[in-house]
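The values are calculated or read from the model by the stated rules, or taken from the named source; none is laboratory data. Computed from a predicted model, the values in this text were never measured in an experiment. Note: accessible area is taken over every heavy atom of the protein model, side chains too, but ligands, DNA and RNA are not part of it. Shrake-Rupley method; radii C 1.70, N 1.55, O 1.52, S 1.80 Å.
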Amino acid sequence: MQLATQLDKLGTETAFAVSGAAAAWAAKGHKVYPFHLGDINIATPANIVEATYKAIKDGYTGYCAAAGIPELRAVLAEDVGSKRGIQYRAENVSVQPGGKPVIGKFIAAVMNPGDEVLYPNPGYPIYESQIEYLGGVGLPYGYIETATGFALDMEAIKRSITPRTKALIYNNYQNPTGAQSTRQEMEELAELAIEHDLWVMSDDAYYEILYGVQPDSIVNLPGMQERTVILYTCSKRFAMTGWRLGAAIGPKSIIDVINKLNTNVESCSPHFIQRAMVEAIPGDTTGPDAIVETLLERRDAAVAGLKAINGVSIAKPQSTFYLFPNVTAIMERKGFTDVNQLMTEALTTTDVSFCTRKHFGRPLAGEKHHYIRLAYSGINVENIQTGLARLKEYFEA
Ligand SMILES: Cc1ncc(COP(=O)(O)O)c(C=O)c1O
């Protein structure tokens with residue numbers, strides 16, 4: 001018996017393999033400094049936990065509507081719309097078990113086999129995986145390193161578009177680079193999307209993880225709301241990665257299709273969590289909350305630790321909880337050509353675990369620089385400082 005050949009096209013999130021290596025190293029008795037996974041070691045806010053207990057006790061434990069309960073759809077429409085300066089209604093919201101399912105469902109809803117989809121690379125690896133698995137052609141676009149961080153390679157996007165291009169996946173406040181678009185970049189992207197009649201998925205997983213900057217969204221530019229699906233998730237905003245609750249928010253025509261996919265795939269998202277979020281989301285203040293303040297302290301510690309390393313270059317991102325330092329000089333110093341060699345040796349030499357550029361999509365032809373990715377969401381300030389001091393000693397040797 002053989003498995004389906006289509007599976008050859010399915011990628012994965014190889015960062016989970018790095019977790020396996022880190023766990024194996026820890027099992028040998030080493031204390032690992034975990035910078036590899038974008039998980040959060042901060043507690044979910046107590047009001048959400050309490051509201052969930054109550055919802056379970058009140059008996060909200062059965063199936064519910066595939067699209068999500070009407071109350072949560074209405075709350076999300078108001079919250080997501082008002083934070084982006086536009087209006088949504090409950091019918092524009094499809095509740096999901098996390099943000100990740102939005103990716104495959106969006107692609108399935110807009111792409112025919114052989115169609116092309118633009119996606120960021122380096123970027124969240126599931127975009128590439130789902131485009132190819134569903135029979136499409138991925139058009140990767142990269143980022144250009146600047147003095148202040150990373151900027152979209154707009155020329156690469158323009159060059160790639162063909163009559164077969166159907167959609168653009170865009171992740172402002174980006175994993176892994178921490179890139180944040182200027183308004184001008186968003187306007188240029190919106191113009192391209194309209195000119196070429198593209199659907200857009202705006203992956204807003206980190207829309208609330210901002211440090212002293214106002215959020216901005218491509219969806220409120222003229223002509224964009226009717227072609228954009230927002231990937232919304234409770235995972236990062238409320239430190240709820242393991243709970244699995246998110247939503248697709250967009251035009252009713254595509255949301256109706258995504259609801260049908262929900263019925264086919266998971267029937268519904270957990271009922272009692274939806275009940276809890278009906279109370280928690282309107283109660284959330286928009287300013288910096290406790291989760292973001294903790295992450296901010298960690299960002300500052302991590303950026304300072306990396307800046308202190310001779311040969312590492314890093315700007316200070318104003319969003320996400322990722323850092324994507326350029327380690328080309330370290331690679332030259334060590335005589336490595338594959339950045340994963342650096343990752344492997346760093347773990348066994350320093351106990352510091354991190355991902356590399358190679359975990360965020362297939363590297364593009366002609367890439368000259370090497371990058372690693374550090375997440376500071378699952379490690380406290382003291383361990384950030386100790387871990388990066390160990391990395392400094394190893395990188396500078
Ligand atoms: C850019 C991006 N999008 C989507 C997700 C999916 O998150 P979740 O499924 O936990 O909502 C992640 C998770 O790390 C991410 O980094």
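Descriptive notes on the structure:
- Here the chain is treated as a sphere whose radius is the Kirkwood value from Cα pairs; by Stokes-Einstein at 4 °C and 1.567 mPa s it diffuses with a coefficient of 60 µm²/s.
- Pairs exceeding a 30 Å alpha-carbon distance, out of K9/K316; K31/K316; K316/K392: K9/K316.
- Carbon-plus-sulfur accessible fraction, the chain (probe radius 1.4 Å, protein heavy atoms only): 54%.
- Using C-alpha pairs under 8 Å with a sequence gap of at least 6, the mean separation divided by the residue count of the chain gives a relative contact order of 25 percent.
- Area of K28 that stays accessible when all protein chains are in place (1.4 Å probe, Å², to 10): 150
- Rg and Dmax of region 86-175, based on Cα coordinates, read 14.3, 43 Å.
- Considering only Cα atoms, the convex hull volume of region 123-218 works out to 98 Å³ per residue.
- Accessible surface, per residue, of the chain when the full set of protein chains is kept, probe 1.4 Å, Å²: 42
- Candidates G68, G59, G149, ranked by Gaussian network fluctuation over the chain, Cα under 10 Å, top entry: G59
- Where N is the number of residues in region 131-285, Cα Rg divided by 2.2 N^0.38 Å: 1.12
- Rg over Rh [alpha-carbon atoms, Kirkwood Rh] for region 302-390: 0.93
- Descending principal axes extents, region 225-377, alpha-carbon based, whole Å: 54, 37, 31
- Alpha-carbon radius of gyration plus Dmax, which is the widest Cα pair, for region 41-149 in Å: 18.5, 54
- Kirkwood Rh (inverse of mean 1/r, distinct Cα pairs), region 1-79, angstrom: 17.8
- Legend: distances between Cα atoms for K334/K368; K334/K358; K54/K252; pairs beyond 23 Å are K54/K252.
- Solvent exposure ordering (accessible area, 1.4 Å, most first) of R227, R244, R84: R244, R227, R84
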